[in-house]
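Colleague: This is the structure, below, for whatever I ask next.
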Amino acid sequence: MAQQEEHRQTDRSLTMSRAMVEAIAHEMREDDAVFYMGEDVADYGGIFDSTEGLLDEFGHDRIMDVPISETAYIGAAVGAAQEGMRPIAELMFVDFFGVGMDQIYNQMAKNTYMSGGAVSVPMVLTAAVGGTYNDAAQHSQTLYGTFAHLPGMKVVVPSTAYDAKGLLHTAIRDDDPVVYLFHKRLMGIGWLPAPDGPKTGVPEEAYTIPFGHADIKREGADVTVVTLGLHVHRALAAADSLADDGIDVEVIDLRTLVPLDTETIRDSVAKTGRLVVVDEDYRSYGLTGEIIAGVAEAELAALDAVERVALPDVPIPYARPMEDEVVPDTDDITAAIRRVRSDE
């Protein structure tokens with residue numbers, strides 16, 4: 001069931017990267033079992049500022065740079081988690097998961113089941129996702145559907161600083177493996193400008209956001225848009241532009257794919273009768289099809305029209321005009337919303 005989060009009264013706004021660092025630092029102070037490992041996360045502070053400043057407080061024993069061997073350090077994180085630690089292991093780019101696929105798919109996700117519950121794997125695998133800055137086919141994917149497809153991992157995708165902090169507190173405290181995917185374009189770093197929206201009010205104290213609770217970022221009566229990550233902000237921009245034409249759009253931010261808040265989606269579609277699913281992942285065998293199938297299975301009498309907006313099934317191009325063509329933007333979302341209204 002969705003929760004419309006009311007940001008607590010605070011004069012303090014943070015970028016998403018700072019909100020994440022604040023959550024990690026709090027959990028590390030509270031629990032000596034929490035540590036962070038990855039490539040360029042210590043002295044460099046993470047190439048997307050995911051660990052900026054943590055080394056100064058916690059030192060190299062708990063903020064650990066590792067060799068360029070995802071197979072080795074993800075495997076080490078799994079072993080540490082099974083022995084009672086709470087590691088956070090960062091993939092610099094989610095595309096690199098293929099190098100450590102056995103450790104993720106066959107160890108991290110399955111060892112609790114394979115051991116008959118004798119061990120748990122309380123670890124977080126973080127990774128940067130998304131394109132829109134011309135880094136070509138091996139550094140620009142989102143791939144959250146790839147992780148959501150295999151049982152055993154919870155999958156989290158924040159879209160704002162407020163959500164990023166609360167969801168990361170929840171992830172670190174979880175006794176099961178969590179894949180926490182942050183979009184590069186939302187982090188608020190100087191060389192990669194963020195859209196309006198990700199920088200939000202963030203309370204100083206720790207707080208958690210439960211998994212499986214989507215957030216209705218904008219209420220509306222005419223069309224439901226379901227999305228996550230960067231495209232929450234593109235959907236909100238589309239909704240704002242369409243309001244001038246009398247089209248009232250509801251925007252649902254999933255926040256987590258596993259568990260998935262199907263109830264909120266179905267309730268919204270029952271109200272609006274029209275559904276647009278927007279995704280930066282590939283179109284085939286992914287999130288868009290899953291969401292639409294879930295709504296169809298609910299046999300909603302009110303469902304009149306469906307559209308999906310997603311990345312075509314092609315490698316993401318390096319050239320900026322070509323990348324801009326394949327990654328869905330606000331205009332693509334606006335057009336899809338207009339199409340599902342065209343039967344009126």
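The values are calculated or read from the model by the stated rules, or taken from the named source; none is laboratory data. Computed from a predicted structure; not experimentally measured. As a convention, Cβ positions derive from the backbone with ideal geometry for all residues, glycine included, and neighbour counts pool all protein chains shown. Note: accessible area is taken over every heavy atom of the protein model, side chains too, but ligands, DNA and RNA are not part of it. Shrake-Rupley method; radii C 1.70, N 1.55, O 1.52, S 1.80 Å.
Colleague: If you count only protein heavy atoms with a 1.4 Å probe, what accessible area per residue comes out for the stretch 197-344, rounded to a whole Å²?
Modeller: On the way: 6250 Å² over 148 residues.
Result: 42 Å² of accessible area for each residue.
Colleague: Considering only the other residues whose Cβ falls under 14 Å of the Cβ of Asp332, what net charge follows from Lys and Arg at +1 and Asp and Glu at -1?
Modeller: -3
Colleague: Moving to a separate point now. In Å², what does the accessible area per residue of the stretch 1-134 work out to with a 1.4 Å probe?
Modeller: 43
Colleague: What number does the stretch 141-244 give for Rg over Rh if you use C-alpha atoms and the Kirkwood radius? Before the final figure, lay out each step's value.
Modeller: Details: Rg = 14.7 Å, Rh = 15.1 Å.
We get a ratio of 0.97 for the stretch 141-244.
Colleague: Follow-up question, since we're still on this one. For the chain, compute the number of Lys pairs whose alpha carbons are separated by less than 20 Å, excluding pairs fewer than 8 positions apart on the same chain. Please report the intermediate quantities before stating the final value.
Modeller: Working: Lys110/Lys154; Lys154/Lys165; Lys165/Lys184; Lys165/Lys199; Lys165/Lys217; Lys184/Lys199; Lys199/Lys217; Lys217/Lys271.
Pairs that pass both the separation and distance tests number 8.
Colleague: Right, here's the next one. Only helical DSSP H runs with n ≥ 4 go in: add -39500 (n - 2.57) per run for the chain, normalise by residue count and round the 222 nm mean residue ellipticity to 500 deg cm²/dmol.
Modeller: -9500 deg cm²/dmol
Colleague: Hey, got the Cα dimensions of the chain along the principal axes, in Å, largest first?
Modeller: 62, 45, 43
Colleague: Highest mean first, how do 222-229, 13-20 rank when packing is the count of other Cβ atoms within 10 Å averaged over residues?
Modeller: Ranked from most to least packed, the peptides come out as 222-229, 13-20.
Colleague: Further question: What Rg and what Dmax come out for the stretch 1-152 when only alpha-carbon atoms are used, in angstroms?
Modeller: Over the stretch 1-152's Cα set, Rg and Dmax evaluate to 16.3, 48 Å.
Colleague: Based on alpha-carbon atoms only, what is the radius of gyration of the stretch 261-344 relative to the globular estimate 2.2 N^0.38 Å?
Modeller: Values: Rg = 14.1 Å, N = 84, 2.2 N^0.38 = 11.8 Å.
Ratio of Cα Rg to 2.2 N^0.38 Å: 1.19.
Colleague: Counting only DSSP beta bridges with both residues in the chain, tell me the antiparallel percent, nearest 5. Please report the intermediate quantities before stating the final value.
Modeller: Details: 8 of 43 bridges.
Around 20 percent antiparallel, to the nearest 5.
Colleague: Each residue of the stretch 150-165 in turn: what ³J(HN,Hα) in whole Hz from Karplus with 6.51, -1.76, 1.60 and θ = phi - 60°, glycine and Pro shown as x?
Modeller: The phi angles translate into 9, x, x, 10, 8, 10, 10, 9, x, 10, 9, 4, 4, 5, 4, 5 Hz.
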